[in-house]
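S.K.: Here it is: the structure, laid out below.
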Amino acid sequence: MTMKSDKPEPEERIDPYLWDGSGQPDSEVEKLEALLSPFRYDPSARAIPRVENPAARVRRVRLFPAFAYVAGVAAIVVALVVMFVRGRQTAPASGPGWVVSDVRGTLRLGKTTVSAGKLSSHLGVGQVLETGAQSQARLTAEQTGEIDVDPNTRLRLVAMGNDTKRIALDHGVIHAFIWSPPGQFVVDTPSGITVDLGCAYTLQVDDSGGGVVRTSMGWVGFKLKGHESFIPAGAVAAIKPNSGPGTPYFEDASAKFRSALASFDFEDNTPEQRARDLGTVLVEARNRDALTLWHLLSRTDTSQRVLVYTRLARFVPPPSGVTEEGILGLDSAMLDRWWNELGFDDIAVWRRWERAWGGTGGVK
């Protein structure tokens, strides 16, 4: 008599390799296994010994960062798995582009109307996506990231190459979460370009072409010709047509600081007005506002730059080899070295991107 196996018969839709390891694995599954291999269970790993001596509590405290690190790695692994599965489930139908999903309300995609309930659509190069007052959507590209599109937003996919993913935002609000290499995801706006440097951020553009860049993770570069701003997590920069990016600042700065900075960037027309508002910024500045002061070095004249240098040096002393004379002369190498002392990411990431674009950032 043949005994019936206790193992349930897998459904035909289940890959035998995923069920019991038999058969030929899918290439994407092999990539995922290779990616997660460092976290494979190792039964030979030693357990953490039980501590019974009086120093046990201290040792447990010291172990906490290790546990936190492991938890963080686990969270990253879960996120990678989710992104992998989501990318396979929502692969674009044809050609390079972004998958359009999670539609709420009704939007326009090229010449097509897309309504809620449709599983997914495809935004191809050259196509325009436009949401109405009651509609939203999510764009997903497996190797690039996700973009949540708010109501009353109009954008266009400009390029979707191996090294450059480029969108033009005419107006509206997008929330971008990007995991492609820094410098590959670029958004054109009427006020300049936003360059992802490994981050999550919100970009808002109003009907005049002005708006705000607000970073929640990593940092963003914004550039109009030779005018550039670096916006790390927790910081904001206003943008204006023809003026480009304003001076970045942290949102917890004082109201006087923020008001004076906005006037200095976009409203002051006389040397007296600029001197007055710059004085308020310097008086109200905290250590954390070294971000703003560093940017102001290249936005002030020689006499004002001395005051900015003195205040910034009090918060973050210039590193070895960076001199007052060099900074007042706007020596680019010295400015970059001082930036790296502020505690944000290495500015060399941005400089590599600039060189790749011929120093123009794609803005003429």
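S.K.: Would you confirm, using the coordinates I've provided, whether Leu312 is out of contact with any Gly (no Cβ under 8 Å at 6 or more places or on another chain), open to solvent by less than 10 Å² (accessible area, probe 1.4 Å) and either under 27 Å from Ser208 (Cβ atoms) or without any contact (Cβ under 8 Å) to a residue 12 or more places away in the chain (or both)? Give the steps one after another, and end with the answer.
M.R.: Details: out of contact with any Gly (no Cβ under 8 Å at 6 or more places or on another chain): yes; open to solvent by less than 10 Å² (accessible area, probe 1.4 Å): yes; either under 27 Å from Ser208 (Cβ atoms) or without any contact (Cβ under 8 Å) to a residue 12 or more places away in the chain (or both): no.
No, not satisfied.
S.K.: Still on this structure, I have one more. Collect the residues in the range 269-293 that are under 20 Å from Val212 (Cβ atoms) and either hydroxyl-bearing (Ser, Thr, Tyr) or out of contact with any Pro (no Cβ under 8 Å at 6 or more places or on another chain) (or both), keeping them in residue-number order.
M.R.: Asp277, Val281, Arg288, Asp289, Thr292
S.K.: Within the set of pairs 6+ apart or on separate chains, which have a first residue in the range 270-291 that is of a type in the set (Asp, Glu), a second that is open to solvent by 60 Å² or more (accessible area, probe 1.4 Å), and C-beta atoms under 7 Å apart?
M.R.: Close Cβ pairs (under 7 Å, with a partner that is open to solvent by 60 Å² or more (accessible area, probe 1.4 Å)) amount to Glu284/Lys256.
S.K.: What is the one condition in (1) in a strand (DSSP E or B); (2) under 21 Å from Val173 (Cβ atoms) that Glu228 does not satisfy?
M.R.: Only one criterion is unmet by Glu228, namely (2).
S.K.: Now, a different point. For the range 161-170, does any single residue satisfy the condition of being touching a residue at least 24 places away in the same chain (Cβ under 8 Å), over 14 Å from Gly97 (Cβ atoms) and in contact with a strand residue (DSSP E or B) (Cβ under 7 Å, 6 or more places away or on another chain)?
M.R.: Yes; the residues of the range 161-170 include at least one that is touching a residue at least 24 places away in the same chain (Cβ under 8 Å), over 14 Å from Gly97 (Cβ atoms) and in contact with a strand residue (DSSP E or B) (Cβ under 7 Å, 6 or more places away or on another chain).
S.K.: Shifting gears a bit: Any chance you could count how many residues in the range 240-250 are open to solvent by less than 60 Å² (accessible area, probe 1.4 Å) and part of a loop (DSSP other than H, G, I, E, B)?
M.R.: Result for the range 240-250: 5.
S.K.: If you go through the range 259-270 one residue at a time, how many are touching a helix residue (DSSP H, G or I) at 6+ places or on another chain (Cβ under 9 Å), in a helix (DSSP H, G or I) and of a type outside the set (A, V, I, L, M)?
M.R.: The qualifying residues number 4.
Quick grid of which residues meet (1) polar (S, T, N, Q); (2) touching a helix residue (DSSP H, G or I) at 6+ places or on another chain (Cβ under 7 Å); (3) not in a helix (DSSP H, G or I):
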site: Arg274; (1), (2), (3): no, yes, no
site: Leu278; (1), (2), (3): no, yes, no
site: Val283; (1), (2), (3): no, no, no
site: Arg288; (1), (2), (3): no, no, no
site: Trp294; (1), (2), (3): no, yes, no
site: Leu297; (1), (2), (3): no, yes, no
site: Leu307; (1), (2), (3): no, yes, no
site: Thr310; (1), (2), (3): yes, no, no
site: Arg314; (1), (2), (3): no, no, no
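S.K.: Tell me yes or no: at least one residue of the range 352-359 is at pLDDT 85 or above, within 24 Å of Gly192 (Cα to Cα), open to solvent by 30 Å² or more (accessible area, probe 1.4 Å) and not assigned by TED's automatic domain parsing to the domain that holds Pro181. Walk me through it before giving the result.
M.R.: Going through the range 352-359, the residues at pLDDT 85 or above turn out to be none.
No, the conditions are met nowhere in the range 352-359.
S.K.: Okay, moving on. So which residues in the range 335-346 are acidic (Asp, Glu) and either open to solvent by 40 Å² or more (accessible area, probe 1.4 Å) or outside the structural domain of Leu296 (by TED's automatic domain parsing) (or both), if there are any at all? Walk me through how you get there before you give the answer.
M.R.: We begin by selecting, within the range 335-346, every residue acidic (Asp, Glu); these are 336, 341, 345-346.
Glu341, Asp345, Asp346 - these are the residues of the range 335-346 that are acidic (Asp, Glu) and either open to solvent by 40 Å² or more (accessible area, probe 1.4 Å) or outside the structural domain of Leu296 (by TED's automatic domain parsing) (or both).
S.K.: Sort through Glu146, Glu130 and tell me the only one that's under 17 Å from Gly97 (Cβ atoms), in contact (Cβ under 8 Å) with a residue 12 or more places away in the chain and open to solvent by 40 Å² or more (accessible area, probe 1.4 Å).
M.R.: Exactly one of Glu146, Glu130 is under 17 Å from Gly97 (Cβ atoms), in contact (Cβ under 8 Å) with a residue 12 or more places away in the chain and open to solvent by 40 Å² or more (accessible area, probe 1.4 Å), namely Glu130.
S.K.: So Phe177 fits all but one of (1) closer than 19 Å to Leu342 by Cβ; (2) under 10 Å from the mean Cα position of the chain (by Cα); (3) assigned to a strand (DSSP E or B); what number is the exception?
M.R.: Against the list (1) closer than 19 Å to Leu342 by Cβ; (2) under 10 Å from the mean Cα position of the chain (by Cα); (3) assigned to a strand (DSSP E or B), Phe177 comes up short only on (1).
S.K.: Quick one: is Glu146 among the acidic types (Asp, Glu), modelled with pLDDT of 50 or more and within 19 Å of Thr164 (Cα to Cα)?
M.R.: yes
S.K.: Quick one: which residue in Tyr201, Tyr249 is among the hydroxyl-bearing types (Ser, Thr, Tyr) and within 11 Å of the chain's Cα centre (by Cα)?
M.R.: Just a single option satisfies the conditions, and that option is Tyr201.
S.K.: Restricting attention to the range 316-334, which residues are open to solvent by 70 Å² or more (accessible area, probe 1.4 Å) and either touching a residue at least 60 places away in the same chain (Cβ under 8 Å) or assigned to a helix (DSSP H, G or I) (or both)?
M.R.: Glu324, Glu325, Ser332
S.K.: Give the number of residues within the range 198-239 that are open to solvent by less than 10 Å² (accessible area, probe 1.4 Å), of a type in the set (Gly, Ala, Ser) and farther than 21 Å from Arg154 by Cβ.
M.R.: Going through the range 198-239 one residue at a time, the tally reaches 4.
The values are calculated or read from the model by the stated rules, or taken from the named source; none is laboratory data. Just so we're clear, the structure is a prediction, and the values are computed from it rather than from any experiment. Cβ coordinates were reconstructed from backbone atoms using ideal geometry, including for glycine residues, and neighbour counts include every protein chain displayed. In case anyone asks, the SASA skips ligands and DNA or RNA and just uses the protein heavy atoms, side chains included. Shrake-Rupley method; radii C 1.70, N 1.55, O 1.52, S 1.80 Å.
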